[in-house]
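Participant: What follows is a single structure, and I will ask about it in a moment.
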Amino acid sequence: MDTATFNDIGAVIEADRAHVWHHLSQHKQYESIDPRVIVEGKGLRVWDATGRETLDAVSGGVWTVNVGYGRESIANAVRDQLLKMNYFAGSAGSIPGAIYAEKLTEKMPGMTRVYYSNSGSEANEKAYKMVRQIAHTVHGGKKWKILYRERDYHGTTIAALASGGQEERRAMYGPFPEGFIPVPHCLEYRSQWGEVADYGLRAANAIEEVILREGPDSVGAIILEPVTAGGGVITPPEGYWPRVQEICKKYGLLLIIDEVVCGVGRTGAWFGYQQYDIQPDIVTMAKGVASGYAAISCTVTTEAVFEMFKSNPDDPMSYFRDISTFGGCTAGPAAALENMRIIEDEGLLANTTAMGERLMANLNTLAEKHAVIGQVRGKGLFVGAELVSDRGTRDPLAEKSVAAVVGGAMKRGVQIGMTNRSVPGFNNTLCLSPALMVTADQIDQMSTAIDEALTEVCG
Ligand SMILES: Cc1ncc(COP(=O)(O)O)c(C=O)c1O
């Protein structure tokens, strides 16, 4: 069957219903309704198997397709590369792998080395393995614990879940490996310490308290999202990041920044951490690196981290003994190179900043009209609106009602997202992350759909 010209959509839906196990989905519903099958995309628009067109405000559902759908130049770059050389194990180099690593690190002052794999979870696993190996080779078996923050997410594999601060993702998948320790979240709207004058400092100091409790000798690293994504679109409070950086230096922690969502333009800078003047030791990224045109993730390190794995060439166990078979696929860096060129040539960082401001302003205007909007948060085209049933008490709006708002926007032709299976009782934040070349008209179409959906669901 030639899938590109295969037009018996009914047969496709039946094959899907009978054989595909969808991600994050309860399948009982598909006994009475058809599973959704997406067949085409162009720019920010997608069409499903019924021919229905939707404006995608979530870049492929999970903040991924940063440069939009139907990019012929990326398809051509991947095709040309596949015909020239599709694969060789990552113990050898490749042309696109070398060139992309050079261009990427040019955008990340202080970072020099790129380790390729294929998903955000895997990129984080590599970072954890680096920390664990450094604990053995440099710290005599100490500093093996890795801190993570409540509400952050770092992936779906067991170790990544062990470092996940979203209970509904972790539940029932334990027991987890040892040595992943939570620190408090930094969402001031849900302050754990009541009203404090300097919440950012308080939340950062909470990390120090955990380090002191665990013993500084035992803690080797902390992993943090610059802006928490699926945990509620949490932008860091004033004063948070400088203090975090200070604490890392004071106790000799490697700072791992998870840029899987924030990376490659999403916040209006190449990387989210650059918005907050952070100097990381390890940076992981995936989704927007090639906008979903190929599977690729990167674990990027400083030369100092890299050096620790080559200082003892006589010891056959001291280098980084890790492999990712598909980390050697050349389609990833070939697509990533063209993805980066598009962002540069089309001025998409500036557009992200401008359109992000418009989206925030629109949602803040909606908040004047809809008391159900408790708080609007975001950076660039990475925006969330937390819904509450009562502004005074800040009680979260019931998840079913939040889902009804998402459904209401969908009825109006706009796909938005919401936090889901994340923090118990707090799956109440609407999420927007459109492609970086979104226009003002499209931003306004998104906010109008949300406005009407809120009126329909909440009055
Ligand atoms: C911040 C963050 N890190 C890591 C991941 C895991 O990425 P992947 O699904 O590619 O394994 C995700 C996925 O949503 C994410 O949001």
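The values are calculated or read from the model by the stated rules, or taken from the named source; none is laboratory data. For clarity, every value in this text was computed on a predicted model and none was experimentally measured. So basically every Cβ, Gly included, is an ideal-geometry build from the backbone, and we count neighbours across all protein chains shown. All accessible areas refer to the heavy atoms of the entire protein, side chains included, with ligands and DNA or RNA removed. Shrake-Rupley method; radii C 1.70, N 1.55, O 1.52, S 1.80 Å.
Participant: Considering segment 27-67 alone, what residues qualify as being assigned to a loop (DSSP other than H, G, I, E, B), open to solvent by 80 Å² or more (accessible area, probe 1.4 Å) and modelled with pLDDT of 95 or more?
Facilitator: Those that are assigned to a loop (DSSP other than H, G, I, E, B), open to solvent by 80 Å² or more (accessible area, probe 1.4 Å) and modelled with pLDDT of 95 or more: SER32, ILE33, ASP34, ARG36, ARG52.
Participant: Of all residues in segment 348-367 being of a type in the set (A, V, I, L, M, F, W, C) and within 20 Å of THR448 (Cα to Cα), which is surrounded by the most Cβ atoms within 10 Å (Cβ to Cβ)?
Facilitator: For segment 348-367, the residue satisfying everything is LEU359.
Participant: For segment 236-347, please list each of the helices (runs of 4 or more DSSP H) lying entirely inside it that holds at least 2 residues being closer than 24 Å to PHE88 by Cβ and open to solvent by 10 Å² or more (accessible area, probe 1.4 Å).
Facilitator: So the answer is 331-345.
Participant: Counting just the residues of segment 209-231 that are farther than 27 Å from GLY120 by Cα and part of a helix (DSSP H, G or I), which one comes out most open to solvent (accessible area, probe 1.4 Å)?
Facilitator: ARG213
Participant: ASP152 versus (1) away from the ligand (no atom under 16 Å from the Cβ); (2) within 15 Å of VAL260 (Cβ to Cβ): which is the lone unmet condition?
Facilitator: (1)
Participant: Look at segment 273-287 and say how many of its residues are within 11 Å of the ligand (Cβ to nearest atom) and either under 11 Å from ALA336 (Cα atoms) or touching a Lys or Arg at 6+ places or on another chain (Cβ under 7 Å) (or both).
Facilitator: 2
Participant: Starting from segment 212-234, keep only residues that are modelled with pLDDT of 95 or more, then list their pairs with residues that are part of a helix (DSSP H, G or I) whose Cβ atoms are within a distance under 6 Å, requiring at least 6 positions of separation or different chains.
Facilitator: Going by the 6 Å Cβ cut-off, the qualifying pairs are PRO216/TYR251; VAL219/ILE211; GLY220/VAL131; GLY220/ALA135; ALA221/VAL131; PRO226/GLY272; PRO226/TYR273; VAL227/GLY272.
Participant: Within segment 434-444, does at least one residue satisfy the condition of being free of Cβ contacts under 8 Å to residues at least 60 places away in the same chain and farther than 20 Å from ALA354 by Cα?
Facilitator: Checked against the condition, which is being free of Cβ contacts under 8 Å to residues at least 60 places away in the same chain and farther than 20 Å from ALA354 by Cα, segment 434-444 yields no hits at all.
Participant: Restricting to segment 70-93, name every residue that is open to solvent by 40 Å² or more (accessible area, probe 1.4 Å) and farther than 30 Å from LEU44 by Cα.
Facilitator: LYS84, MET85, TYR87, PHE88, GLY90, SER91, ALA92, GLY93
Participant: May I pose another question? Looking only at segment 97-131, how many residues end up being touching a residue at least 40 places away in the same chain (Cβ under 8 Å), among the charged types (D, E, K, R) and more than 16 Å from the ligand (Cβ to nearest atom)?
Facilitator: Qualifying residue count, segment 97-131: 3.
Participant: I've got another one for you. Kindly list the number of the only condition in (1) under 25 Å from MET308 (Cβ atoms); (2) β-branched (Val, Ile, Thr); (3) within 14 Å of the ligand (Cβ to nearest atom); (4) open to solvent by 70 Å² or more (accessible area, probe 1.4 Å) that fails for ILE158.
Facilitator: Result: ILE158 passes all but (1).
Residue-by-condition table, conditions (1) touching a residue at least 60 places away in the same chain (Cβ under 8 Å); (2) open to solvent by 60 Å² or more (accessible area, probe 1.4 Å):
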residue	(1), (2)
LYS369	yes, yes
GLY378	yes, no
VAL383	yes, no
THR393	no, yes
SER401	no, no
GLY408	no, no
ARG412	no, yes
PRO424	yes, yes
GLU456	no, yes
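Participant: Still on this structure: Could you tell me whether GLY174 is under 30 Å from THR330 (Cβ atoms) and open to solvent by 10 Å² or more (accessible area, probe 1.4 Å)?
Facilitator: For GLY174, the condition - under 30 Å from THR330 (Cβ atoms) and open to solvent by 10 Å² or more (accessible area, probe 1.4 Å) - is not met.
Participant: Let me ask something else about it. For segment 219-265, name all the residues that are on the phi > 0 side of the Ramachandran plot and β-branched (Val, Ile, Thr).
Facilitator: Residues satisfying the conditions are VAL233, VAL264.
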